[in-house]
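Only one structure is covered here, and it is reproduced in the block below.
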Amino acid sequence: MLLRVLGPLEVEVNTGGTVDLGGPRQRAVLALLLSARGEVVSVGRMINELWRGDPPPRAIASLQAYVSNLRRLLEPGRERRMPARVLVTAP
């Protein structure tokens, strides 16, 4: 996997091309996680950053969908229900 963060945020996976990372909030989730440099980012912090302190009622569900979509994009060969290796959940 190749991540480009200077200029537009881009990701290349083993398939050889860049991945369509989705809309602005989904891209922001990835950028936020990348900027944390391997540290755990809390759900509360991500929601605060994404919605600037004014989250919608279903913010957690939206965030979960963004992370799920990014996992699928970043690990295209991973079988469903198998543990993620790139974006992992930690306490």
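What the table below lists for this structure:
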| read-out | value |
| --- | --- |
| Heavy-atom accessible surface of the chain: percent carbon and sulfur, 1.4 Å | 52 |
| The chain: relative contact order as a whole-number percent, Cα under 8 Å and 6+ apart | 23 |
| Length gained when the stretch LEU87-VAL13 is fully extended (0.36 nm per residue, less Cα-Cα span) | 25.2 nm |
| The chain - Rg and Dmax from Cα coordinates, angstrom | 13.2, 38 |
| Cα Rg over Rh - the range 36-75, Kirkwood | 1.00 |
| Dipole magnitude of the chain about its Cα centre (Cβ charges: Lys, Arg +1; Asp, Glu -1), debye to nearest 20 | 220 |
| Average accessible area per residue (Å²) across the chain - probe 1.4 Å, nucleic acids and ligands excluded | 72 |
| Mean Cβ neighbour count within 10 Å, used as a protection proxy, ranking 41-52, 2-13 highest first | 41-52, 2-13 |
| Rg/Rg_globular for the range 1-54, with Rg_globular taken as 2.2 N^0.38 Å and Rg from C-alpha atoms | 1.23 |
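The values are calculated or read from the model by the stated rules, or taken from the named source; none is laboratory data. Worth saying up front: this structure is predicted, and the values here are computed from it rather than measured. Note that each Cβ is placed from the backbone with ideal geometry, even for glycine, and that neighbours are counted across all protein chains shown. These area figures cover heavy atoms from the full protein model, side chains too; ligands, DNA and RNA do not enter into them. Shrake-Rupley method; radii C 1.70, N 1.55, O 1.52, S 1.80 Å.
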